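Down below is the structure, laid out as structure tokens.
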Amino acid sequence: MPTEAIKGYQMTNKDNPQFDVVFGIDMETDIGSFTPFYEGVKHGTPRLLSIMKRRDIKATYFWTGHAAENNPKTVKQVHNAGHETGCHGLYHETLGDPLFPLPNNWPILPAEVEGRLTIATKMVKQVSGVKPISFRCPRLWGSTTVVNVLEKLGYTSDASLPLYFYRNKIEPYHPSKTDWTKSGRMKIVEIPNFCDLEMKSQDPKYQRDRDQWPMWRTKSAAALMKKVHGFVNYVAKRGVRPVVCFYFHPWEFYAMPTGWLDFGEARVKPASFITKNCGEYALEQFDILVESLKQMNARFLTCKELAKQY
């Protein structure tokens, strides 16, 4: 349960309420599931680390086991910079409940989850030298099975819940063993990824237009900050200390191909918003986003640090 410092939170300044920010960086193949490459991890991560060092903020980097194994120098670079090393599964695969269909990307069977997460955890630990205790599912597709396995493996936080889809949890919580989207008595802390809860969605089936990603890159940091302001005010008015959890990817900070991707038996062309403005513009807007959050009196925490408060 939340500590007394968090329960009964009240806005101390109407225009500048104090709140917490969690930056989660999903360390995976370029363009998520659409390539087997790691150009973003190799070239985008150092750029991201540079901004975070200059702005004096820390983040949680969620590594897939495969990404860690294939990028050991970058894993060490992130760890040595003082950031938290988390886990993002074995591959960029569907571990939990799929929210919308993806071709040739079937969910892992529930019986497979423990084995794959056990292997992934060991791989990340072996490469980084640190056992990960914070987790995030690829695409934010989590499940009750996943959180139960995570608790068994010693994880203290899971930042998988997509608030845009479930819209039922406005603060970190201890999930139920029988339904991860509801409060219960588990030790692990579920950290929802924020969205705009007040807007009228034009996407009745999935509500993805409520979500944060990738507005800061496809539009601007200022556009995303409108969602941040709305969420912080929405939560604070309900007597809860706002926790604004973001998700980013290293490939967004390095120019990605925008056309067809040829893989021999098939050609794939991701939707334009997936790769729009990756690279220099993304870096510029990310820097503006960090400064804007600091001006709002944000406190930056890793998932590990946040979980200790609950």
Selection within the range 252-281 - under 19 Å from the mean Cα position of the chain (by Cα), within 30 Å of Ile170 (Cβ to Cβ) and hydrophobic (A, V, I, L, M, F, W, C): Phe253, Phe273, Ile274
Would you confirm, using the coordinates I've provided, whether Lys200 is out of contact with any Gly (no Cβ under 8 Å at 6 or more places or on another chain), more than 25 Å from Trp63 (Cα to Cα) and crowded, with 16+ Cβ neighbours inside 10 Å? no
Quick check on my filter: what residues within the range 58-81 are buried (at least 20 other Cβ atoms within 10 Å of the Cβ) and assigned to a loop (DSSP other than H, G, I, E, B)? Ala59, Thr64, Asn71
Tell me, yes or no, whether the range 297-309 has at least one residue that is part of a helix (DSSP H, G or I), among the hydrophobic types (A, V, I, L, M, F, W, C) and more than 14 Å from Asp20 (Cα to Cα). no
Which residues, counting only those in the range 70-92, are closer than 17 Å to Glu28 by Cβ and touching a Phe, Trp or Tyr at 6+ places or on another chain (Cβ under 9 Å)? Asn70, Asn71, Thr74, Val75, Val78, His83, Glu84, Thr85, Gly86, Cys87, His88, Gly89
Enumerated helices (runs of 4 or more DSSP H) restricted to the range 107-199, each holding at least 2 residues that are basic (Lys, Arg) and closer than 26 Å to Met225 by Cβ: none
Scanning the range 244-271 for residues that are closer than 30 Å to Lys294 by Cα and assigned to a loop (DSSP other than H, G, I, E, B) gives His249, Tyr254, Ala255, Met256
If you check every pair at least six apart or on different chains, which have Cβ atoms under 6 Å apart with a residue in the range 258-275 that is in contact (Cβ under 8 Å) with a residue 24 or more places away in the chain first and a residue that is surrounded by 10 or more Cβ atoms within 10 Å (Cβ to Cβ) and not hydrophobic (A, V, I, L, M, F, W, C) second? Phe273/Thr218; Thr275/Thr258
Which residue pairs have Cβ atoms under 6 Å apart, sit 6 or more places apart or on different chains, and have a first residue in the range 135-160 that is under 20 Å from Thr178 (Cβ atoms) and a second that is surrounded by fewer than 24 Cβ atoms within 10 Å (Cβ to Cβ) and hydroxyl-bearing (Ser, Thr, Tyr)? Trp141/Thr94; Leu153/Thr121
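Read-outs: derived from the displayed coordinates by stated rules, not from any lab. Computed from a predicted model, the values in this text were never measured in an experiment. Quick reminder, even Gly has a Cβ in these numbers, built from the backbone with ideal geometry, and neighbours come from all protein chains shown.
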